[in-house]
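Here the structure is laid out as structure tokens; the discussion comes afterwards.
The values are calculated or read from the model by the stated rules, or taken from the named source; none is laboratory data. Worth saying up front: this structure is predicted, and the values here are computed from it rather than measured. Heads up, the Cβs are rebuilt from the backbone with ideal geometry, glycines too, and the neighbour counts pull from every protein chain shown. The accessibility values were calculated without ligands, DNA or RNA, using every heavy atom of the protein model including side chains. Shrake-Rupley method; radii C 1.70, N 1.55, O 1.52, S 1.80 Å.
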Amino acid sequence: MDNSSKKGFVDRFAYVAQKLGSQIHLRTLRDAFASIMPFIILAGFVTLINSVIIDPSGFMSKVINPDILTKWQSIGDAVINGTLNIMTLLIAIAVAYHLCINRGYKDVIAPILVSLATMIVITPMTKSFTPAGFSKKVVATDVIPISYTSVTGMFVGIIVGLLATELFIKLSSTKKMQIHVSGNIPPAVIKSFNVLIPIMVNVIIFAIASFLLNQLFNLDFNTLVTTIITTPLSYITTSLPGFLFITSVANLFFGFGIHQAVISGSLLDPFLLQNMQENMIAFSNNQEIPHIINLAFKDTFAVMGGSGNTISLLIAIFIFSRRKDYKDISKLTVAPSVFNISEPIIFGLPIVFNPILIIPFIISPVFSLTVAYYATKIGLISHVVVQTPWTTPPVLSGFLATGGDWRASVLQIIIIIITIFIYLPFLRVDERANKMKKENEDS
């Protein structure tokens, strides 16, 4: 393949990646998940404190009365109720907001309220359960089950946020749907009248759709979405082959200058986040941990030093590289890399548009994730159960994410050492190629 053919392929690939990255709904999902991440991290730290540090049956019970520890846990329980247990509502609100921003729609409060109201409209307000000592189920009415507002219903929140907001923007942009008022009236009142009919139509449409779904098929919206969308897609994206494939494609995009969040943030993160939250809930309730692959699992074992586990490349450069310019660049990128910020080395070395270094940039996370997956599966390390900030330094992140398992930190160190030698031969080839290029230019 000659240089013009290579350039043509790169240009076409970059064009496709750019178009995908600018797709408004994928961009909206990426931004929405970024907005709710602080709540998830907060819930993760509270789960860690409740389940490890102030566990009434743990080490602190030898110092503090277990009854007092149990009372203290109620603080964390309240935080979890305000974060994990309303995650579906939070994502619906975040999606509505960012879709408005990306569409250039200025009155963002109205679609946010519509999205929240629509979520309540389609949510069945009944809960069946069997009380202790009874054999028959009892149906409680006028209650909202946590299963519909927590992580298990998150995809419903995404779909409602997208559909309700898109419908509202179209309706409110139609002149016939607006009520024009005049006189000395506050601007907020004028705005509310302008969107009165679109709000009414929007909410009623979803109410009727939910009613027909229940009457014709005995289904609620949550069950329908879970059956036909969430479960199949979750199986594809969070099975090991699907997870590794999407992660590799995301890093390949990064190698061509398109941030990996374009792919992973839109296609992976919704499912990884749901798995993460289900793990956190199970961990806080001392139940069996359901998932190996989740959001913090990816951050802990595939983003050490940043995307592509580039901390290993930095170490390889410091120890083995003969190029002064590479070492100078690496010195400047050490501090960001400690906190898993890899953009300086990706664009500064560069890895971007460097076909030699792109290969280990993709291979390294595949290796580390596979090793960590099977290490978790056979019990060598604990499951990842705490959503730590993605900027948590390697080694420390393994300890915190697994709820205090030092073996995860040891595994991270082993993975870093091995991936140094995954990067090394490609670093040698890259240096040799640059040397030959310089010699040809000088001759």
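Annotations
- At least 30 Å along the helix axis (C-alpha) and Kyte average at least 1.0, DSSP helices within the chain: 24-48, 196-217, 355-377
- For the pair segment 345-378 and segment 258-320, the centres of their Cα atoms are 13 angstrom apart.
- Stokes-Einstein translational diffusion, segment 356-421 - Kirkwood Rh over all Cα pairs, 1.567 mPa s, 4 °C, in µm²/s: 105
- Modelled this way, with points 7 Å down the Cα-to-C-beta line, the labels at Leu113 and Thr231 are 3.8 nm from one another.
- D_trans [Stokes-Einstein, Kirkwood Rh over alpha-carbon pairs] for segment 231-293, 37 °C, 0.692 mPa s, µm² s⁻¹: 264
- Simple label model, 7 Å out from Cα along Cβ direction - Lys438 to Asn218, nm: 7.6
- Of the residues Leu171, Leu163, ranked by 1.4 Å probe accessible area with the largest first, the sequence reads Leu163, Leu171.
- Each 20 Å bin from 0 upward holds the following percent of the Cα-Cα pairs of the chain: 22, 48, 26, 5, 0.
- Taking the helices alone, the chain has a mean residue ellipticity at 222 nm of -21500 deg cm²/dmol, built from -39,500 (n - 2.57) per DSSP H run of at least 4 residues and averaged over all its residues.
- Placing +1 on each Lys and Arg Cβ and -1 on each Asp and Glu Cβ, with no other charges, gives the chain a dipole about its Cα centre of roughly 620 debye.
- Amide H contacts for Thr126 (H built 1.01 Å from N in the peptide plane; partners 5 or more residues away or on another chain; cut-off under 5 Å): Val143.
- Met436 - accessible surface, heavy atoms, 1.4 Å probe, Å² rounded to 10: 90
- Extension gain from Ile417 to Asp77, taking 0.36 nm per residue of separation minus the Cα-Cα distance: 118.4 nm
- Note on Leu196 and Asp328: the extension gain reaches 41.4 nm, defined as 0.36 nm multiplied by sequence separation minus the Cα-Cα distance.
- All distinct Cα pairs of segment 268-423 go into the 1/r average, and the inverse of that average, the Kirkwood radius, is 15.8 Å.
- Near Leu99, once Lys and Arg are set to +1 and Asp and Glu to -1 for all other residues with Cβ below 11 Å from its Cβ, the sum equals 0.
- Rounded to the nearest whole angstrom, the semi-axes of the ellipsoid equivalent to segment 30-75, taken from the Cα gyration tensor as √(5λ), stand at 30, 9, 5, largest first.
- The modelled label-to-label distance between Ala335 and Thr141, using points 7 Å beyond Cα along the C-beta direction, is 6.4 nm.
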